[in-house]
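In what follows, a single structure is set out as C-alpha cells and then discussed.
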Amino acid sequence: MERGIRAEVDKQTGLSTLYRNKEMSQNCWGTMFGMRTCQFPKSKICVNPDCGAIGSQVDEPFAEKRQNSIPIPPIA
C-alpha cells in the first residue's frame, strides 16, 4: 500500500525543538528536588520514592559536577 510522501516520518530533531530545549540538551541542565535528588532529563515529578514532590524542582547545572553514578551493566 503506497501512502505517499506525507506518510514518511522525519527522523531528525527539529531545530525549533532543539532551540526550545537548548538549556537541557546543550548545557546539560537538569532538576534538583528538596531531598537533594538530582535527575536528568528534567521532570516535574521526583523519581525518589521517599520524596514524592511535584512541581518543587530547581534548575541545576550538571556540566561541571562530578557524577557518582553506577553504569548499568557495571564495567568490569
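A few points about this structure:
- Against the test of being modelled with pLDDT under 75 and in a loop (DSSP other than H, G, I, E, B), the options 56, 69, 25 yield a single qualifying residue, 69.
- Among the residues of the stretch 28-47, those identified as more than 8 Å from the chain's Cα centre (by Cα), in contact (Cβ under 8 Å) with a residue 12 or more places away in the chain and part of a loop (DSSP other than H, G, I, E, B) are 28, 33, 34, 35, 37, 44, 46.
The values are calculated or read from the model by the stated rules, or taken from the named source; none is laboratory data. Keep in mind it's a predicted model, so treat the numbers as computed, not measured. In this analysis, Cβ positions are derived from the backbone assuming ideal geometry, glycine residues included, and neighbour counts consider all displayed protein chains.
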